[in-house]
Amino acid sequence: MLRRHYKKVVSGFKEWSQLSHAEDYLIYPENIGSYLSIDEVSLSKGELYTFVTNKEGCAKKRTLVACIKGTKSKELIEILHKIPLAKRKLVKEITLDMASTMQLAAKMAFPESRLVTDRFHVVKLVVEALQHQRIKLRWEAIEKENQAIKLAKEQGKKYTATLLENGDTPKQLLARSRYVITKTPNLWTADQKCRAEILFKHYPELHLAYKHTMEFRAIYEQNQKERARMQFLNWIEKTKTLKLENFNTAAKSIKYHLETILNFFTNRHTNANAESFNSKIKLFRANLRGVIDVKFFLFRMEKLFA
């Protein structure tokens with residue numbers, strides 16, 4: 001009863017200036033700053049909304065610049081063009097992921113801006129290639145164990161699993177190494193160090209892939225843009241010679257997005273503030289136990305972030 005009274009009378013929702021188009025888009029030109037982020041979030045039933053946020057807002061008041069239903073570049077451009085051109089020209093830099101639709105929309109809507117492909121999305125792409133290598137080896141280990149069990153049954157023997165030095169079976173070792181291979185060696189615990197040594201001893205191809213991944217991550221410690229460019233190109237060329245199939249796709253994507261990836265080294269900005277903003281939206285959604293009325297949810301979100 002109180003919630004209904006708040007929504008219909010106290011909140012001012014019925015008089016909201018953006019109510020008529022809220023489910024399709026919200027825009028707040030007054031919140032534009034020099035440095036923006038673009039990312040998408042699922043609000044309800046898997047429906048994606050694209051959020052344009054101001055880094056200077058720090059995921060608090062005056063952070064939200066635009067909220068647009070969908071991720072199609074044509075729709076994003078159409079809505080963002082509702083913001084006066086003079087305002088859009090104030091934007092100097094935009095951080096975003098590797099989605100081509102986002103990049104096209106950002107380029108068309110903010111003509112004076114520099115696009116920066118988010119560091120963490122790029123590193124994640126390479127780490128996923130490493131994880132694919134681990135998963136492939138794990139499936140091979142599972143199949144090998146299945147064949148050994150079948151053979152033991154045919155011979156009327158009891159199957160005994162092969163145990164490695166730390167007590168893991170090969171498939172267990174590969175499953176439990178998921179987080180180990182995402183860390184640098186200096187962050188390993190004693191148990192993780194032991195597991196990594198056994199893992200790389202039995203699977204040298206995974207060790208090669210791990211070192212290749214760590215070499216890529218180390219490039220981001222570089223401070224000079226042109227030196228970083230050479231290191232990225234060398235890494236791409238090395239990928240071809242190592243014959244690591246899972247890394248070829250990642251290398252091609254990095255080569256395609258190289259210029260926007262290199263723009264990171266100008267100001268070293270990331271999409272961390274957008275991820276923080278997304279986390280707050282998800283927490284807000286969880287506290288409400290889901291989104292039933294999308295328009296009212298967006299209205300309350302405006303009060304918090306716009």
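The values are calculated or read from the model by the stated rules, or taken from the named source; none is laboratory data. The structure presented is a predicted model; accordingly, all values stated were derived computationally and were not measured. Cβ: placed from backbone, ideal geometry, glycine included. Neighbour counts: every protein chain shown. Side chains are part of the model used for accessible areas, which takes the heavy atoms of the whole protein and leaves out ligands, DNA and RNA. Shrake-Rupley method; radii C 1.70, N 1.55, O 1.52, S 1.80 Å.
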(request) Write down the accessible area per residue of the stretch 73-142 in Å², having rolled a 1.4 Å probe over the full set of protein chains. (result) 49 Å²
(request) Compare the Cα positions of L104, S177, M214 along the charge dipole of the stretch 95-240 (+1 at Cβ of Lys, Arg; -1 at Cβ of Asp, Glu; about the Cα centre) and return the one farthest towards the positive end. (result) S177
(message) I want to verify the translational diffusion coefficient of the stretch 219-294 in µm²/s; compute it with Stokes-Einstein, Rh as the Kirkwood radius over Cα pairs, at 4 °C and 1.567 mPa s.
(response) 85 µm²/s
(message) Tell me which GluC sites (Glu not before Pro) from the stretch 62-155 have a DSSP coil assignment and no more than 13 other beta carbons within 10 Å of their own.
(response) E112
(request) For the chain, give the share of DSSP beta bridges that are antiparallel, in percent and rounded to the nearest 5; count only bridges with both residues there. (result) 70 percent
(request) Using only alpha carbon pairs under 8 Å that are at least six residues apart, calculate the relative contact order of the chain and give it in whole percent. (result) 23 percent
(request) For helix 100-109, report the angle its Cα long axis makes with the longest principal axis of the Cα atoms of the chain; keep it between 0 and 90° and round to the nearest 10°. (result) 30 degrees
(request) For Rg/Rh (Cα atoms, Kirkwood Rh), several values are listed as [x] 0.99; [y] 1.05; [z] 1.09; flag the one computed from this structure. (result) [z]
